[in-house]
Amino acid sequence: MSRSRAIRWVLLLVAMAALGYFGWQRFHGEGHQARAEAQKSAPARPAVPVRTAAVEKADFPVYLTGLGTVQGFNTVVVRTRVDGQINKISFKEGQFVKEGDTLVEIDPRPYQAALDQAKAKKAQDEASVANANLDLQRYTKLGEFATRQQTDTQRSTVAQLTAQIQADTALIENAQTQLDYATVKAPISGIVGLRQVDVGNIVNAATQTGIVTIAQIEPITVIFTAPEDRLPDIKAALAAGSPSTTALSTDGKRVISAGTLSLINNQVDTSSGTVRLKAVFDNKDHALWPGQSVSTRLLVTTLKDATVIPDDAVQHGTNGLYAYVVNKENKAELRNIKVTRTTDGRSVVEEGLAPGEQVITAGQFKVQPGSLVTTAVASSDQAPSKVAKE
């Protein structure tokens, strides 16, 4: 009896185990199928909106930037060369004057009197030499009735009076020059500054204080510096022609004028390790002004067929610079790159990219290697999305 009961318990346990196994299989299969269906019905991971730009092969200008000061092409302190009282000032402060324009008139009467006196003295001496010539002619005609001594003496008198006339001519020229100096004229064309004298002032040639300063601004120059280690490049550029030089605002954002490099100073400043350069600008619009501080940009050379990308594509990482490239599957691919030069929002890439590839220039903060990307960037106007293509 006990043996049959044991068999029944064994069969019951086997039946319960079989029922549990079939129940677990059914539950697990339904759960797995539900998860599979849920995964199928789940939405795909959205593409990251970005902006892209093509990697280009182009000529890339290499500039040397610096700071400079504008100077007048010529600057003259106008001084009087004669003494006297100022009768008239013929210019206005800040006026543009041309070479030869009258600036100041000094009382000319003393110098006019000296000129008249010199002319009168010459007329007197001319009359004397004319009379002496007549006497010489008389002595010559007398022949043997006139002694040789008388004739020679008369010839000497004529020669002396002739020399005196030449001295009178020089005195007249000097007096005329002094009279001309009484009218002070502009020695160069340019802008006059603040005048240092007024009508009625007494001026004299011995004083160091000038009447006014004139600065020539057409053309005008900019003096700036460059590191001495760039001197070979600058000399090579100057030897090849007149390197283009641009003057910009001090923040470097606004172009003021364009000119050319004309001079490298004959020595390097040992205290700063820099060399001074001089550029000339036509300055027809008077955009540059003496004393003005500007930023400068000198074209040193041009790299031919360089690989160029926008600066916005260059990213900084722990391992250096990198950029995201959009491959044929519209997925982002991280590339380590080597940038050699950067100018005006563009960079030259020496390694890591090839012309024709598309690099991401905006939206990188959401991009990971392998991310699907589109060229649409979220904006207020809800621009339609388009998958990026190479």
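The values are calculated or read from the model by the stated rules, or taken from the named source; none is laboratory data. These figures come from a predicted structure and were not determined experimentally. With ideal geometry, Cβ positions are generated from the backbone for all residues, glycine too; neighbour counts draw on all protein chains shown.
Restricting attention to the range 222-238 and to residues that are surrounded by 14 or more Cβ atoms within 10 Å (Cβ to Cβ) and of a type in the set (G, A, S), the residue that is farthest from T270 (Cα to Cα) turns out to be A237. Within the range 313-346, the set of residues being outside any strand (DSSP E or B) and more than 19 Å from K57 (Cβ to Cβ) comprises T318, N319, N327, K328, E329, N330. Is it the case that the range 38-48 has a residue that's modelled with pLDDT of 90 or more, in contact with a strand residue (DSSP E or B) (Cβ under 7 Å, 6 or more places away or on another chain) and farther than 30 Å from Q176 by Cα? No, the range 38-48 has no match at all. Got at least one residue in the range 210-220 being crowded, with 16+ Cβ neighbours inside 10 Å, within 17 Å of the chain's Cα centre (by Cα), in a strand (DSSP E or B) and touching a residue at least 12 places away in the same chain (Cβ under 8 Å)? Yes, the range 210-220 contains a residue that is crowded, with 16+ Cβ neighbours inside 10 Å, within 17 Å of the chain's Cα centre (by Cα), in a strand (DSSP E or B) and touching a residue at least 12 places away in the same chain (Cβ under 8 Å).
If you check D233, D198, which single one turns out to be touching a residue at least 40 places away in the same chain (Cβ under 8 Å), part of a helix (DSSP H, G or I) and of a type in the set (D, E)? Step through it out loud before you land on a result.
Working: D198 fails: part of a helix (DSSP H, G or I).
The conditions single out D233.
In the range 325-334, what residues are buried (at least 20 other Cβ atoms within 10 Å of the Cβ) and either within 28 Å of D251 (Cα to Cα) or out of contact with any Pro (no Cβ under 8 Å at 6 or more places or on another chain) (or both)? If you could, list the steps in order and put the result at the bottom.
Step one: of the range 325-334, the residues buried (at least 20 other Cβ atoms within 10 Å of the Cβ) are 325-326, 332.
V325, V326, listed by residue number.
All of (1) closer than 18 Å to F96 by Cα; (2) exposed (fewer than 12 other Cβ atoms within 10 Å of the Cβ) hold for S189 with one exception: (2).
Residues that are among the hydroxyl-bearing types (S, T, Y), at pLDDT 90 or above and not in a strand (DSSP E or B): does the range 256-270 have at least one? The answer is yes; a qualifying residue exists.
The set of residues from the range 266-288 being over 23 Å from V62 (Cα atoms) and surrounded by fewer than 15 Cβ atoms within 10 Å (Cβ to Cβ) comprises N266, Q267, D269, T270, S271, S272, D282, K284, D285, H286.
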